């Protein structure tokens with residue numbers, strides 16, 4: 001158990017609606033990440049955070065925004081969901097549990113945009 | 001261009017039939033190479049971190065090795081419960097905090 005909770009775990013939403021996914025950690029780690037996983041593409045980084053209110057873009061950040069107001073929470077927002085954002089979203093944290101920079105994942109949030 | 005590739009894409013083994021999975025990378029300034037196991041409908045589960053060429057790590061039937069260009073995940077006498085997708089990832093100095101993942105190898109171990 002990596003101490004990461006994602007919510008919701010499953011969501012179906014309509015095109016054009018806003019969606020927020022939440023990631024909560026109990027490890028007090030500095031770095032938090034949002035990845036998406038799609039067939040044929042593997043895991044791709046959307047955004048990451050290196051501290052409260054400190055975030056940076058990843059490889060596939062267009063259409064996504066993030067916020068981190070507390071160490072333990074990292075939110076991913078789709079301002080206006082599109083069908084191309086149908087995916088599995090994984091939150092991850094990294095910290096010195098079993099060595100520096102090791103990354104641990106949550107259980108995933110399945111998002112379907114119809 | 002920096003990239004991470006894995007081979008084979010899929011592998012079917014009989015129970016007890018040992019084999020190896022490959023992860024090849026072309027990055028400069030490797031900070032770490034990571035192996036994960038992912039079961040269907042689950043998040044990736046951390047297995048190993050390797051930091052330098054020549055390093056080896058073992059866990060039960062799994063052994064990971066690292067050279068300057070690739071890593072191998074050796075599976076000795078696999079059991080059906082070893083069936084999963086195995087992912088490798090690298091972290092390099094020019095990636096900042098990004099971990100770049102390979103596409104994975106889907107392993108099936110038949111009883």
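Being touching a residue at least 40 places away in the same chain (Cβ under 8 Å), in contact with a strand residue (DSSP E or B) (Cβ under 9 Å, 6 or more places away or on another chain) and not in a strand (DSSP E or B): is that true of residue A:107 here? Before you say what the answer is, go through the steps one by one.
Working: touching a residue at least 40 places away in the same chain (Cβ under 8 Å): yes; in contact with a strand residue (DSSP E or B) (Cβ under 9 Å, 6 or more places away or on another chain): yes; not in a strand (DSSP E or B): yes.
Against the criterion (touching a residue at least 40 places away in the same chain (Cβ under 8 Å), in contact with a strand residue (DSSP E or B) (Cβ under 9 Å, 6 or more places away or on another chain) and not in a strand (DSSP E or B)), residue A:107 qualifies.
Within region A:26-90, which strands (runs of 3 or more DSSP E) (wholly inside it) include 3 or more residues that are more than 17 Å from residue A:108 (Cβ to Cβ)?
Values: elements: A:31-38, A:42-51, A:54-57, A:64-70, A:73-78.
Result: A:42-51, A:54-57, A:64-70.
Annotation: of all residues in region B:52-84 being within 16 Å of residue B:4 (Cα to Cα) and more than 12 Å from the chain's Cα centre (by Cα), the one that is modelled with the highest pLDDT is B:67. Exactly one residue out of B:44, B:78 is surrounded by 15 or more Cβ atoms within 10 Å (Cβ to Cβ) and farther than 23 Å from residue A:106 by Cβ: that is B:78. For residue B:58, the conditions (1) over 24 Å from residue A:49 (Cα atoms); (2) within 12 Å of chain A (Cβ to nearest Cβ) all hold with the exception of (2).
Pairs meeting the criteria (first residue in region A:74-86 and farther than 30 Å from residue A:3 by Cβ, second residue buried (at least 19 other Cβ atoms within 10 Å of the Cβ), beta carbons under 7 Å, at least 6 apart or on different chains) are A:82/A:113; A:83/A:113. Checked against the criterion of being within 13 Å of the chain's Cα centre (by Cα), over 16 Å from residue A:5 (Cβ atoms) and away from chain B (no Cβ under 11 Å), the candidates A:52, A:66, A:114 yield just one match: A:66.
Residue under question is residue B:49, and the condition is that it be in a strand (DSSP E or B) and either within 13 Å of chain A (Cβ to nearest Cβ) or under 16 Å from residue B:79 (Cβ atoms) (or both); does it hold? When the stated conditions are applied, residue B:49 passes them. Selection over region A:79-108 of residues that are under 18 Å from residue A:43 (Cα atoms), modelled with pLDDT of 95 or more, buried (at least 16 other Cβ atoms within 10 Å of the Cβ) and more than 10 Å from chain B (Cβ to nearest Cβ) gives a count of 4. The listed residues are B:55, B:15, B:60, and the only one of them that is at positive phi and surrounded by fewer than 19 Cβ atoms within 10 Å (Cβ to Cβ) turns out to be B:60.
The values are calculated or read from the model by the stated rules, or taken from the named source; none is laboratory data. Worth saying up front: this structure is predicted, and the values here are computed from it rather than measured. Virtual Cβ from ideal backbone geometry, glycine too; neighbours counted across all protein chains shown.
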